[in-house]
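A.B. asks: Have a look at this one before I ask anything.
Computed from the coordinates by the stated procedures, all read-outs in this text should not be read as laboratory data. Because the structure is predicted, anything quoted here is derived from the model rather than measured. Cβ placement follows ideal geometry from the backbone for every residue including glycine, while neighbour counts extend to all protein chains displayed.
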């Protein structure tokens, strides 16, 4: 009986492997085409509100846990969050809404999620906290009273700040605490030359608070006073006052005679 050449045996193994892969793919495609599959997924949601008037001060829910029933292909597609559109949940009055309405959310999911049936919807996070959004512009001013200059040196120009104002945007409880004027302190010591540095603007830090700038350029010119030291007062002769008075009195007597 003739045997296959050794060189043909690897080729036969590859053919067998490809046949098994093809059969597996065909079986998988047939299974995914069937109905009646159940899958629990994290389905994305998006809360809609007037973000020009309100701002959330706690993290908003990003997804819900939902049990879906339907076609295998459809469930596979729904399980990939980047392939589906989030369910839109409107919030009409954020200041009084403290949680999501589960019944309303289920209704919205039934309306917006097509091609599948939902049997259960659960919220992982169901706590809302909003505040009014506030925008405020604050003036920046150099703390000139505390500049540390060498003796005989003075600021000889305007103190320039770029920018001269900062706009803050965030929850009203944070923005109202920011002063109308922020003093910018110059940390340099014993200044004797022109100054031009970028400095940090100090204000309450919070991830909810946005500022149009967090640094400011401060520049000014410095000059030295050139006046000489005033001369010392001339020394005066010491006078024996009692003797002088006595001599003056004797002169007056001699005149009367």
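A.B. asks: What FRET efficiency, computed as 1/(1 + (r/R0)^6) with R0 = 22 Å and r the Cβ-Cβ distance, is obtained for residue 95 and residue 58, rounded to the nearest 0.05? Could you put the intermediate results ahead of the total?
C.D. replies: On the way: r = 14 Å, r/R0 = 0.62.
About 0.95, to the nearest 0.05.
A.B. asks: Roughly how far apart, in whole Å, are the Cα centres of segment 40-61 and segment 144-179?
C.D. replies: Segment 40-61 and segment 144-179 have Cα centres separated by 37 Å.
A.B. asks: Just grab the label-to-label distance for residue 50 and residue 129, each label 7 Å out from Cα along the Cβ direction, in nm (one decimal).
C.D. replies: Label at residue 50, label at residue 129, 2.4 nm between them.
A.B. asks: For a Förster distance of 41 Å, can you work out the FRET efficiency between the beta-carbons of residue 177 and residue 118, rounded to the nearest 0.05?
C.D. replies: Values: r = 45 Å, r/R0 = 1.10.
FRET efficiency, residue 177 to residue 118: 0.35.
A.B. asks: Note down the Stokes-Einstein diffusion coefficient of segment 134-224 in µm²/s, whole number, using a Kirkwood radius over alpha carbon pairs, 10 °C, and 1.306 mPa s. Write down the numbers at each step before the final one.
C.D. replies: On the way: Rh = 14.1 Å.
Here the translational diffusion coefficient equals 112 µm²/s.
A.B. asks: Could you check the simple spin-label distance between residue 69 and residue 110, using points 7 Å along Cα→Cβ, in nm with one decimal?
C.D. replies: Each label point is offset 7 Å from its Cα along the Cβ direction, giving 1.3 nm.
A.B. asks: Pop the C-beta distance of residue 190 and residue 139 into the FRET formula with R0 = 30 Å and round what comes out to the nearest 0.05. Don't skip to the answer; put the middle values down first.
C.D. replies: Working: r = 28 Å, r/R0 = 0.95.
For R0 = 30 Å, the calculated efficiency reads 0.60.
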